[in-house]
């Protein structure tokens with residue numbers, strides 16, 4: 001479930017509902033690091049995974065969510081294999097990358113986890129997802145998917161449709177073909193494919209190769225609830 005609102009109590013509501021994981025956004029949402037840490041902590045209360053979509057920025061923007069104990073990262077607008085390799089280098093420890101290690105944060109249980117165990121767990125149990133969102137990225141998706149050290153691809157139909165001049169038309173044939181290609185290439189290279197939403201029935205997306213699904217968002221749920229309550233009230 002995607003979270004646009006920053007209140008950790010909304011994350012708890014998702015946990016109470018039985019959600020498996022929450023997508024926390026640092027790309028479009030005015031979140032801060034301490035609040036992000038509290039959202040991740042709220043998810044842990046209900047054994048939920050947390051995927052943080054990072055701001056496209058510096059090394060610290062990428063590693064701080066991991067050190068706050070996020071299950072993984074989602075990196076937007078990855079367009080080349082060289083960029084993919086650079087992100088792996090920043091976010092994975094040796095032998096996969098060159099991430100500097102601290103261990104003094106919650107992901108290392110504040111220096112209570114032995115170094116070798118901490119490094120191994122960080123490389124094997126933290127998820128790294130790249131978003132494919134443009135014609136340029138699609139042209140390079142085979143080379144991107146072949147990069148070792150990351151786990152999955154997410155196709156972004158919103159930005160892809162916008163960048164080809166069809167904003168919001170996610171069933172435009174070129175958008176659908178791109179979505180199908182991303183899933184096929186991900187699976188070919190041993191990566192999972194994640195859907196940004198249920199744009200088609202789940203069975204259709206699964207047949208295309210998608211295995212991880214965003215099923216909704218907090219702001220959409222609240223908006224629907226408010227409109228429904230007003231409509232009920234206004235009935236004669």
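Remarks
- Being touching a residue at least 12 places away in the same chain (Cβ under 8 Å) and part of a helix (DSSP H, G or I) holds for only one residue in 87, 51, and it is 87.
- Within segment 129-146, the residues that satisfy the criterion of being closer than 10 Å to residue 191 by Cα and not in a helix (DSSP H, G or I) are 129, 146.
- Here residue 74 meets the list (1) modelled with pLDDT of 95 or more; (2) over 16 Å from the mean Cα position of the chain (by Cα); (3) under 26 Å from residue 137 (Cβ atoms) almost entirely, failing just condition (2).
- Close Cβ contacts (under 7 Å, 6 or more residues apart or on different chains) running from residues in segment 103-120 that are at positive phi and at pLDDT below 95 to residues that are surrounded by 14 or more Cβ atoms within 10 Å (Cβ to Cβ) and assigned to a helix (DSSP H, G or I) comprise 103/118.
- Taking the criterion of being in contact with a strand residue (DSSP E or B) (Cβ under 7 Å, 6 or more places away or on another chain) and either more than 20 Å from residue 141 (Cα to Cα) or part of a helix (DSSP H, G or I) (or both), the only residue of segment 189-201 that qualifies is 198.
- Selected residue [surrounded by fewer than 17 Cβ atoms within 10 Å (Cβ to Cβ), without any contact (Cβ under 8 Å) to a residue 24 or more places away in the chain and outside any helix (DSSP H, G or I)] from 168, 149: 168
- Residues that are assigned to a loop (DSSP other than H, G, I, E, B) and surrounded by 20 or more Cβ atoms within 10 Å (Cβ to Cβ) within segment 22-46 comprise just one, 26.
- Candidate set: segment 1-21, residues that are more than 17 Å from the chain's Cα centre (by Cα) and not in a helix (DSSP H, G or I); chosen: the one surrounded by the most Cβ atoms within 10 Å (Cβ to Cβ): 7
- Boolean, residue 155 is under 21 Å from residue 87 (Cβ atoms) and buried (at least 23 other Cβ atoms within 10 Å of the Cβ): yes
- Entry remark, segment 90-128: residues being in contact with a strand residue (DSSP E or B) (Cβ under 7 Å, 6 or more places away or on another chain) and either farther than 25 Å from residue 48 by Cα or in a strand (DSSP E or B) (or both) number 2 in total.
- Qualifying residue in segment 217-235 (condition: under 22 Å from residue 54 (Cα atoms), under 17 Å from the mean Cα position of the chain (by Cα), without any contact (Cβ under 8 Å) to a residue 60 or more places away in the chain and not in a loop (DSSP other than H, G, I, E, B)): no
The values are calculated or read from the model by the stated rules, or taken from the named source; none is laboratory data. Quick caveat: nothing in here was measured; it's all calculated off a predicted structure. Please note: Cβ atoms are built from the backbone with ideal geometry, for glycine as well, and neighbour counts cover all protein chains shown.
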